[in-house]
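Shown next, in structure tokens, is the structure this report addresses.
The values are calculated or read from the model by the stated rules, or taken from the named source; none is laboratory data. Predicted model only: the values in this text are computed from it and were never measured. With ideal geometry, Cβ positions are generated from the backbone for all residues, glycine too; neighbour counts draw on all protein chains shown.
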Amino acid sequence: YEWEPAGERVDRTLEVIRIVKRLWTEDVVNYEGRFWRIVNCRLVPKPYRKPHPPILNGGAGRRMLRIAAKYCNGWIGVLDNPQEYRERMEYIEKYLERPGEFSFANVFQVYADRDSVESVVKRVEKFVDLGVSKVILFIHPQPRNLELLDKYSKVLDEFR
């Protein structure tokens, strides 16, 4: 599979965010964009949460960070370096239109063969201190995920 250029993927993402928000909030949506055309589309039932469920966006490029700030309710980073994360947070914060409605999350790669619960807690703690309010643990190796969930649930317990 060949990926589209990064700029095109970002354009697609923005178009999808706009479409989904309209589907969640309008009765009938007509849309003519660069990538999609929608005619008399209805989404029922509408989401319970108003005006719509939160939209969390990933991506680390400056344009994606601005899109997250302007159109989304949160940003999900996948960074191990707290300083790099802080730089992206500060960049996003410059563009936020609704700061009180925005949250920061980070995905932490956890390797069961080398990461103790204590070491993961220390890593996560550095990001929580920065203002990360959502923590996602991505546990390796995949075939053992269920077995490892109990062990690493203790990490999340530290931050409840």
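Side notes on the structure shown:
- Of all residues in segment 1-51, those being among the acidic types (Asp, Glu) and over 17 Å from MET64 (Cα atoms) number 4.
- Comparison of ARG34, ARG22, ARG18 shows that the only residue that is outside any helix (DSSP H, G or I) and either outside the structural domain of GLU90 (by TED's automatic domain parsing) or among the β-branched types (Val, Ile, Thr) (or both) is ARG34.
- Selection status of PRO47, of a type outside the set (Asp, Glu), modelled with pLDDT under 95 and within 29 Å of VAL107 (Cα to Cα): no
- PHE159 within 19 Å of LEU79 (Cα to Cα), at pLDDT below 90 and not hydroxyl-bearing (Ser, Thr, Tyr): yes
- Set side by side, the residues LYS126, LYS122 differ, and just one is out of contact with any helix residue (DSSP H, G or I) (no Cβ under 9 Å at 6 or more places or on another chain) and closer than 27 Å to LEU65 by Cβ, which is LYS122.
- Sole exception among (1) surrounded by fewer than 12 Cβ atoms within 10 Å (Cβ to Cβ); (2) in contact (Cβ under 8 Å) with a residue 12 or more places away in the chain for ASP157, by number: (2)
- The residue that is surrounded by the most Cβ atoms within 10 Å (Cβ to Cβ), counting only those in segment 1-35 that are among the basic types (Lys, Arg) and touching a residue at least 24 places away in the same chain (Cβ under 8 Å), is LYS21.
- As a summary of the residue check, ILE38 satisfies the conditions (1) in contact with a Gly (Cβ under 6 Å, 6 or more places away or on another chain); (2) surrounded by fewer than 15 Cβ atoms within 10 Å (Cβ to Cβ) except for the one numbered (1).
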